[in-house]
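We did not get these values from a lab; they are worked out from the coordinates using the rules stated. Remember, it's a predicted structure, so these values are computed and weren't measured experimentally. All Cβ positions, glycine included, derive from the backbone under ideal geometry; neighbour counts span all protein chains shown.
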Amino acid sequence: MRLVFSLVVFLSANAALAACPGESQMEMNDCAAAVYQTADGQLNAVWPQVKSYMDQLSAGDQLLDAQRKWLAFRDAACTAEIAVFAGGSIQPLIWYECMTRLTRTRTSELQALMKP
């Protein structure tokens, strides 16, 4: 089990580095933050459309409750993912990569709700 966890952590770090190459850790961290901001903007652009659609189906309150719980899950999941990098300069890179990955997935899930 420890080997599997170590492999996941290693692959996560490598994926983050591949997405944002740079000369310094700060540059890579800044790049990852910008990529996350874009993903978050896309989620926020989709949200009103999905919420309106779900309101028309009398499911808007349930969607809002689910979204609030998802936000808490996302933050907790990414906090757990970066724990092994505590104090390291790569920690922000891993944080933003996790936030981006989960946010993009959620955006796709929300978009799928509008497809009957």
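Counting residues in the range 52-66 that are touching a residue at least 24 places away in the same chain (Cβ under 8 Å), of a type in the set (Ser, Thr, Tyr) and assigned to a helix (DSSP H, G or I) gives one or more. Residues in the range 76-116 that are within 13 Å of residue 29 (Cα to Cα) and loosely packed, with under 13 Cβ neighbours inside 10 Å: 89 only.
Of all residues in the range 38-65, those being of a type outside the set (Asp, Glu), surrounded by 14 or more Cβ atoms within 10 Å (Cβ to Cβ) and farther than 15 Å from residue 114 by Cβ number 2.
Number of residues in the range 67-116 that are among the aliphatic types (A, V, I, L, M), without any contact (Cβ under 8 Å) to a residue 40 or more places away in the chain and under 30 Å from residue 52 (Cα atoms): the value is 6.
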